[in-house]
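Inspection log for the structure reproduced underneath, given as structure tokens.
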Amino acid sequence: MFTGLIREMATVQSITNNTLILQATYKPKMGDSIAINGTCLSVTALSGNGFSVELSPETQSHIAVDQLKGKVHIEPAMMMGDRFEGHIVQGHVDTIGTISQIKNNGNSYDVFVEVEPKQIAYIVPKGSITIDGVSLTVNEVFESSFRLTIIPITMKETLFGNYKVGSKVNVETDMFARYIEHILAHKKPSLSWESVERISALY
């Protein structure tokens, strides 16, 4: 589990077949889970100035692989007892979004992201969303897009400062919205009290 708070901007040294090699000051351990642009991956090798992670074909088919160049966001998985400051992030990319518009408002930026219309059900106004691993709040939701408001420090300290219209980003929607939709889609026509208690126990 992650929080959506970026630990560091690492540098991509190479990506060959299924191996992504990164240069970073953060020192993980072998087998650690770490989010790279919001994608939960496992550390498979260590080096003096960084580490490597494995990208399975399944993972590559669901993320914005073309953005794994230059700088990338990294966040190690939470440890028991860590302070929780972002929101619950699984590191499971739901869809690839496209930056459709960036508006400079003087003291903030409005960033619009286009997604598949079927994903809109899981994107809630004033709810949480993760863009390339960054925990953010959704301000407006439209038929096939949503609006984020980005403050200057986020623009400066994350990849948002590099995004342009047409940039591809990894999007993880709200976990609870996905769970609720799945439960409702598979519920029986008539729920017993036993079923209600079982569902309640999940939370």
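Results, tabulated for the structure shown:
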{"item": "Residue within the range 104-111 that is in contact with a Gly (Cβ under 7 Å, 6 or more places away or on another chain) and charged (D, E, K, R) present", "result": "no"}
{"item": "Members of the range 28-53 that are in a strand (DSSP E or B) and within 22 Å of Val171 (Cβ to Cβ)", "result": "Ser33, Ile34, Ala35, Ile36, Thr39, Cys40, Leu41, Ser42, Val53"}
{"item": "Residue in the range 78-90 that is assigned to a loop (DSSP other than H, G, I, E, B), within 16 Å of the chain's Cα centre (by Cα) and surrounded by fewer than 12 Cβ atoms within 10 Å (Cβ to Cβ) present", "result": "yes"}
{"item": "For Asn107: the one exception among (1) touching a helix residue (DSSP H, G or I) at 6+ places or on another chain (Cβ under 8 Å); (2) in the same structural domain as Val134 (by TED's automatic domain parsing); (3) assigned to a strand (DSSP E or B); (4) not aromatic (Phe, Trp, Tyr)", "result": "(3)"}
{"item": "Some residue of the range 111-131 being under 30 Å from Thr25 (Cα atoms), of a type in the set (Gly, Ala, Ser), crowded, with 18+ Cβ neighbours inside 10 Å and at pLDDT 95 or above", "result": "no"}
{"item": "Hey, Gln119 in contact (Cβ under 8 Å) with a residue 24 or more places away in the chain and either under 21 Å from His182 (Cα atoms) or in a loop (DSSP other than H, G, I, E, B) (or both) or not", "result": "yes"}
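The values are calculated or read from the model by the stated rules, or taken from the named source; none is laboratory data. Please read all numbers here as calculations on a predicted model, not as lab measurements. Heads up, the Cβs are rebuilt from the backbone with ideal geometry, glycines too, and the neighbour counts pull from every protein chain shown.
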